[in-house]
Amino acid sequence: MFRSIEFINMRLLKIILGITAVGIPGFFGIKEIIADPVYFMELFLGGLTRGSIYALIALGYTMVYGIIQLINFAHGEIYMIGAMTALIVASVLGLWGWNSAVIAILAFVFAIVYSCAYGFTVEKIAYKPLRNAPRLSALISAIGMSLFLQNYVMLAQTPNFLPFESLIPDFEFWEPFAHIITAVEMTIIVTTVITMILLGILIKFTKIGKAMRATAQDKVMASLVGINVNNVISTTFVVGSATAAIGGVLIACHVGQINFFIGFLAGLKAFIAAVLGGIGSVPGAVLGSLVLGISESLFTGYFWSEYEDVFAFTILVIILIFRPSGILGKHEISKV
Amino acid sequence: MVTKKEIKQSFFIALWFMVLTFPIMVIKVNTIKHIILFRWENFVWVGVIGFFASLIWNYFLRLKEQKKKSDNGDDIPLVHRLLQNERVRIPFLAAIAVFFLAYPFVFPMYHTSIMISALVYVMLGLGLNIVVGLAGLLDLGYVAFYAVGAYAYALLNLHFGISFWIVLPVSAVLGFICGTLLGYPVLRLRGDYLAIVTLGFGEIIRIILENWDEFSNGPRGIPNVPAPSFFGYQFGQHGSVIYIYFIVIALVLLTIFFVSRLENSKIGRAWIALRDDEIACQAMGIDKFKTKLTAFALGATWASIAGVVFAAKTSFVNPMSFTIWESITILCVVVIGGMGSAIGVIAGALVLILLPEYLRAVSEYRMLVFGALQVIVMVFKPEGLIQSVRKKYKFEKLKD
């Protein structure tokens, strides 16, 4: 009896809060949009770009989480290392006087290859020996790895911000649209879409994708039907690292400067996006990232820009209270 | 012994690391002046260190496997054996007591001041130990509660002139309330979400303190936080350092007393049971949510008290003292010292805080080493340097 009353109240509360959360900003939002549509469009596209980057990072989180139920804290650092490698390769080749198109391609390739290698190595060192340990151990090991990688880059390179010369040129054919959305932003969105499609094909139609899905469902059963679970986990880390590296290089082109600490906040935001979409679900991560990116951009544009990160964390807490399984996630039942 | 196969394997691993770290370790670019520096000596170092590290790593992994097979279970650390031995126990404790009592009079003020900060970390570590070590909840925003305490003292004193001794209990209550408020929404969820939410909460508190000028004076912070008084008598600069030192010693003793009493109490046993197996624990009739919330809020209380002491000691608070690094340092203290073991945490805090202070030359590598140690401890010795010993009841065989 008591429980049912509580249940109804909780549901009612959710509906009321949902209506206020969407309705009030929506009402004021429409007024603002009508007043200045160009500003809104700029914010929206900026948010879309930001969301695309989050999506590229969030994929790594969600895929790893789907398979071994671990928050890979070092994922943000992999993303940072991708951007760092691209910067180093690009500046070395730039000084040697290579063609800028070749530099851009090589920087991307090196960033992806090195990030994959780092992702692979991190998994082998910090997570594989803890496969059967309590979750807390693996989580602490992940934090330690993240701390180590950050400081490793800081000590080996520099703690200061390094200017990053954009690898993406201002395409001439894009000139007429450049006042709405820059060529770099356009490239980010297009690259993200292509990466998503490729990843979708990988997961849906290839043999390794099938093995990944099987491992995510049940590790023991998967190994019984002849799937090498260790290889699948390594592949997941490598694929996740590759998308993170793409995101890292793209955002470095967009922002124009990087340092050793960029992975921390980007990683956190991407994680929030993954939770928002429903952790463990690949389409959820993309959707969550876009929602987070756009709402964050609108929030900073219309309200306080200094509380941008506070907004993201507030969203996280709100989802965790009212819908912990995220937008597309399934409800999890704990079993013995 | 090391076989030929292992040497070959280590050789390839070293080669892998040499290639892996090449762009970041060897090349150093200055994109402003357009200079590239090739540091080939690092290339060789990575190879040599990688080779030996891999050999040692494999050796210890094998050792761990063997140990797992021949598990005898009764591995009591040296410190505990010393403390259990009646003859050693009293002189041992007396020596420690004399050392800490004489410390501020023997060593100059600078060393006393460093010791105070190490002891504040002991308090923080013991508080976090309740949350992480006993209840198994990973709290990465512990520093937020520390900030709550420090700012509570600074602001209450600034606006209302309230003294240290009144703020101390007030901040404890405030910490408890904050812990409950934050714990309430997130503790219903699975453990790993808690890590992220607390991490976020820690950052939120810092961002708010930095941006809300009218409330916290922004990044400039609040200066002239007074040192505690002794029944209305205010010590001079030197005297007040010694005075704070003894206050901290008293608070640490109080903390140790509380924590050791808590550990074997009904709620302490519930925490440990919850950490080890949530579902089994619930089946035994323990309210999971309430138990976790108590642990979380009690941890917050201790951080808040430590914050008040910190503000009184530095006489200045600003948001830069409460960054994520601080949380991670405290976590390192708990993890490396030994989760759940009070002696381990105390030793961990003293070693991890004092050592970098005195080894200034290598202190920039502090965080690097902390990160590496976290991974190594988790892989090879998850119970930490000094492992906790649970209270056991043994039935001696009757002699006939």
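Taking region A:120-143, which residues are without any contact (Cβ under 8 Å) to a residue 12 or more places away in the chain, farther than 21 Å from residue B:54 by Cα and within 9 Å of chain B (Cβ to nearest Cβ)?
Passing the criteria: A:133, A:134, A:136, A:137, A:140.
Testing residue B:261 on (1) surrounded by 13 or more Cβ atoms within 10 Å (Cβ to Cβ); (2) touching a helix residue (DSSP H, G or I) at 6+ places or on another chain (Cβ under 9 Å), one condition comes back false. Which one is that?
(1)
Give me the helices (runs of 4 or more DSSP H) completely within region B:322-386, filtered to those with at least 1 residues that are of a type outside the set (A, V, I, L, M) and within 12 Å of chain A (Cβ to nearest Cβ), ordered by residue number.
B:324-337, B:366-380
Give just the number: which of (1) of a type outside the set (S, T, N, Q); (2) away from chain B (no Cβ under 12 Å); (3) closer than 20 Å to residue A:244 by Cα does residue A:270 not satisfy?
Unmet condition: (2).
On the given criteria, is residue B:312 within 27 Å of residue B:223 (Cα to Cα) and at pLDDT 85 or above?
So residue B:312 fits the description; yes.
In region A:147-158, how many residues are within 20 Å of residue A:245 (Cβ to Cβ) and more than 7 Å from every other protein chain (Cβ to nearest Cβ)?
Number satisfying all stated conditions: 3.
Just need a number here: residues in region B:1-15 that are touching a residue at least 12 places away in the same chain (Cβ under 8 Å) and of a type outside the set (Val, Ile, Thr).
Going through region B:1-15 one residue at a time, the tally reaches 6.
Name the residues in region B:183-219 that are of a type outside the set (Val, Ile, Thr), in a helix (DSSP H, G or I), crowded, with 18+ Cβ neighbours inside 10 Å and more than 9 Å from chain A (Cβ to nearest Cβ), would you?
Answer for region B:183-219, where residues must be of a type outside the set (Val, Ile, Thr), in a helix (DSSP H, G or I), crowded, with 18+ Cβ neighbours inside 10 Å and more than 9 Å from chain A (Cβ to nearest Cβ): B:183, B:194, B:202, B:206, B:209, B:216.
Does residue A:189 fit the bill of being without any contact (Cβ under 8 Å) to a residue 60 or more places away in the chain and in a helix (DSSP H, G or I)?
So residue A:189 does not fit the description; no.
Is one or more of the residues making up region A:228-245 at pLDDT 85 or above, closer than 23 Å to residue A:189 by Cα, surrounded by fewer than 22 Cβ atoms within 10 Å (Cβ to Cβ) and not hydroxyl-bearing (Ser, Thr, Tyr)?
Yes - at least one qualifying residue is present in region A:228-245.
Is it true that residue A:117 is facing another protein chain (nearest Cβ under 10 Å), within 23 Å of the chain's Cα centre (by Cα), in a helix (DSSP H, G or I) and at negative phi?
Spelling it out, residue A:117 is indeed facing another protein chain (nearest Cβ under 10 Å), within 23 Å of the chain's Cα centre (by Cα), in a helix (DSSP H, G or I) and at negative phi.
May I ask you to list the residues in region A:84-103 that are among the hydrophobic types (A, V, I, L, M, F, W, C), surrounded by fewer than 20 Cβ atoms within 10 Å (Cβ to Cβ) and either more than 7 Å from chain B (Cβ to nearest Cβ) or within 18 Å of residue A:156 (Cβ to Cβ) (or both)?
Correct list: A:92, A:93, A:96, A:98, A:101, A:102.
The values are calculated or read from the model by the stated rules, or taken from the named source; none is laboratory data. Keep in mind it's a predicted model, so treat the numbers as computed, not measured. Methodologically, a virtual Cβ is constructed for each residue, glycine included, from the backbone with ideal geometry; neighbour enumeration extends over all protein chains shown.
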